Structures are given as structure tokens and as C-alpha cells.
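These notes concern the structure reproduced below.
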Amino acid sequence: MGSVYAWSVFTQPLQDKIGWTLSEVSLIFSIAIFFLGTSAAFMGHFVEARGPRASGLISTIFFASGLIVSGFAVQIESLWLLYLGYGVLGGIGLGIGYITPVSTLVKWFPDRRGMATGLAIMGFGFAAMIASPVMGYLIDSVGIANTFYIMGATYFVIMLSASLYIERPPEGYHPSGVPLEEQPEQKKDYVQLVANEAIKTRRFYFLWLMLFINITCGIAILAVASPMGQEVAGLSVKSAALMVGIMGVFNGAGRLFWASISDYIGRPNVYTIYFIIQIVVFALLPFTTNGVLFMIMLFIMISCYDGGFSAIPAYIADLFGTKQLGAIHGYILTAWALAGLVGPFIVAKIYEATQSYDMTLYIFVAMFVVALIISILIRSDIAKIKRESELNN
């Protein structure tokens, strides 16, 4: 489903074939991301109550039907139907399908939460690398509408097969070879909260804000990476395109790397490191005129941006337990829905007003400073629940 990150493949063909403007076509992606976040929030309880198989089937139906409707929308040249198909139906399928494997994997691999969720979300990040050239080839070969039809049928078969396979572990499951009382999660899960209890805590909103800031700044740069590289560092069009392609590698690899590291150094430390790195990178980018150095800094930034996605489910499990992880994760992902609208809007409006990316980057530095402070403040909440758990024990 991560092929949504390759939406830009359709941008120019839709403009050339039908005459829609760039903003009209770009809005389709923003709608999809918005409904991804909101559907994850509303369907999180369903995932926990009915299990990954049922939610996976619903995700399959919404996502595949959204692609089919998108094909018909292009065929009859209806922009609003494309908004409904890819944006609304496809976005709902994305949201339900995104949280389905994550909450399940945390339960299967309680001793390696970060790595398990990192592997799943890495797939979402790497998908664009596979989907982008395939979709480009299909558009050139069979046209835009038929590309959507082929994708809809293909995704239906693949997602249906996967959703029928995945299931939660049995009650009382723990990894073989290690006695239950020695399991790492027994030391991590100081509380077991349901979603409605979690949203009443301060640490829930700390997590939400950290994710919102990380996504807002990251997705904004993703939206303008190519033109910014050409303007700031003097990259050629081909070099900028190559940079965007390589960013896809760091997109996926960063998700696995940072999530796996968090199993060893802890989620609070990982998020603090994210924000320190990005404060430095965003502060230096306006002055980076060397093309190679500019690309390296953007690759580092994208790994931190995507690492924030992959480590958040494990962080949720650490702070609230796994009782309703899918539902809590869904609530947290509303930050993604809002950031998907806010980030690109900020960078576009400020650039139109100043004809420069500098002011946007400085604003993002300030936002990362706020996120860094939050990543430090949340540690007091962690210490508090540890003390309360020890007293109860």
C-alpha cells in the first residue's frame, strides 16, 4: 500500500491528458493521507476487537475499490470522482491496513518490538521504489485508467492473500526459549491502558505532538526536495531526480534502522536523537551549496523522518501497554492526517511569499526545538509510571 508515496508518478500524466492543474492533482495525495490518519483513528478499536484478519479484509476492499473507482474517474475525466476513489476510499483502506499488521507484530515479537514494527513499516516505505517504475511503465503502455484497473486487481489479490494469513498470537504467548517471567516486556509494560484511558494522559499528547512536528517538517521537505535541491545547492534536474530516488532507500532503511536501535537504547533516547539531528540539518541546509553535501543531509533527514513512524508503535506499547495498541496507534496517527495537510501548505505559502525556502527551514528548526523539549519532558512521565508500578508490585 505504500505505493501512495509514488503518487507523483501520476501528476504530470494527469495534467497532460486531462488538463487538471498541479494543485488539483496534488490535493488527491493530501486527501488520501488525511483519510489514512482519520480512518486509523476511528478503526483502531475495530482492529483490536475483531482482529487483523477482519480488518485486513476491509482494508483490501476499500483500497482495491478505490483504485478501480480511480480508473473509472480518469476514464470519464471526473476530478471529484478521483478525489472520492483514490483520496477517500483509498485513504480509508490505507489507514486500516497500516495499523493492522503493526499492532499484531508487537504481540508476536514482544522482545523485539522496535525491530518488528520497523520491518512492517519499512515495507510501506520501500513500496514506492517498486511501485514507481511499474506504474510509470504501465501508464506509458496501457494508459492511466487501465493502470488503475490493473493496480486495483493486483492489490486485491495480494492484500486478500495476506489478510487471510495474518492472525494474532494465542493468549499467553511468549517467544520460545525464554521463561515468561524473564520476558523483556514484563519490565517494559508498567501499565496496560485502553485507548480511552490513554487519551486522558499527558504523555499521549506528548507523543502526538512529537509525531506531528516530525511529519509536518519531513513531508513538507519531501514535497519540494527536487526544486529545493536545484535552487539551494544548484543540482541539475537529473541529479535532483536521482536524489529523490535514493531518498526512497533511506525512507525504508531508516524505518528499520532506527526502530531496531530503539530496542537497545530506548525509545526516549531515539526521539531525542532524531530532533537534535534535524535541528542541525535544517539549520545548515540554507547555507549548503555543495550538491553532494546537500544530498547527504537530506538523506539523514529522511531517515529520521521515517524512523519516527516505525518507532512510535513500540513507544506506545512501552507507555500504555499492548492491550489496545491498535486503537491508541490509530489515535496517534491523526497527527499524520493533519501534518499531511499542514506541511505542504506551509512550505508552498511561504515560498510564494518570499521566493525562498530559507524562512520555512528556520520555522521548522523552531518546531524541532519544541519537539526536543517534549522528548525530554516525557521522561518524567515514564519515571512516574515506573515508580507507581514498583509501588503497586
Rg/Rh for segment 230-300 to two decimals, with Rh computed the Kirkwood way over all alpha-carbon pairs.
1.05
Helix-only mean residue ellipticity at 222 nm for the chain, each DSSP H run of n ≥ 4 adding -39500 (n - 2.57), per residue, nearest 500
-28500 deg cm²/dmol
Peptides 20-29, 88-97 ordered by average Cβ neighbours within 10 Å, highest first
88-97, 20-29
If you average the sequence gap of Cα pairs under 8 Å that are 6 or more apart and divide by the length of segment 254-336, what percent do you get for the contact order?
42
Spin-label zone in segment 255-283 - amide nitrogen under 16 Å from a point set 7 Å from the Cα of I376 along the C-beta vector
268-280
Accessible area of segment 52-188 belonging to carbon and sulfur atoms, whole % at 1.4 Å probe
69
Per-pair calculated FRET efficiency, R0 = 25 Å: Y264 and A383 via Cβ, rounded to 0.05:
0.80
Along each principal axis of its Cα atoms, how long is segment 84-159 end to end? Whole angstroms, biggest number first, please.
47, 25, 20
Rg followed by Dmax, in Å, when segment 266-380 is reduced to its Cα trace
15.9, 50
Relative counts (whole %) of C-alpha pair distances in segment 1-91, using bins that are 5 Å wide:
3, 14, 23, 25, 15, 9, 6, 4, 1, 0
Please compute, for the alpha-carbon atoms of the chain, the extent along each of the three principal axes and give them in descending order in Å.
66, 48, 35
Counting only the heavy atoms of the protein chains, how much of E77 is accessible to a 1.4 Å probe, in Å² to the nearest 10?
100
Segment 109-252 accessible area per residue, 1.4 Å probe, protein heavy atoms, integer Å², reads 49
When the chain is modelled as a GNM with alpha-carbon springs shorter than 10 Å, which of D358, D140, D381 fluctuates the most?
D140
Round to a whole number: what % of the accessible area of segment 208-251 belongs to carbon and sulfur, probe 1.4 Å?
73
How much length would be gained if the chain were fully extended between Y173 and V157, taking 0.36 nm per residue of separation minus their Cα-Cα distance, in nm to one decimal?
2.7 nm
Neighbourhood charge, 14 Å Cβ-Cβ cut-off, centred on F148 and excluding it, Lys, Arg +1 and Asp, Glu -1
0
Report H45's accessible area, 1.4 Å probe, all protein chains in place, as a number in Å² to the nearest 10.
60
Accessible area in square angstrom per residue, segment 291-335, 1.4 angstrom probe
17
Accessible-area ranking of K323, K238, largest first, probe 1.4 Å
K238, K323
Just how much of M122 is accessible, in Å², when a 1.4 Å probe is used and the result is rounded to the nearest 10?
40
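The values are calculated or read from the model by the stated rules, or taken from the named source; none is laboratory data. None of these values were measured; they are calculated from a predicted model. So basically every Cβ, Gly included, is an ideal-geometry build from the backbone, and we count neighbours across all protein chains shown. To get the accessible areas, we keep the full protein, side chains included, count just its heavy atoms, and leave off ligands, DNA and RNA. Shrake-Rupley method; radii C 1.70, N 1.55, O 1.52, S 1.80 Å.
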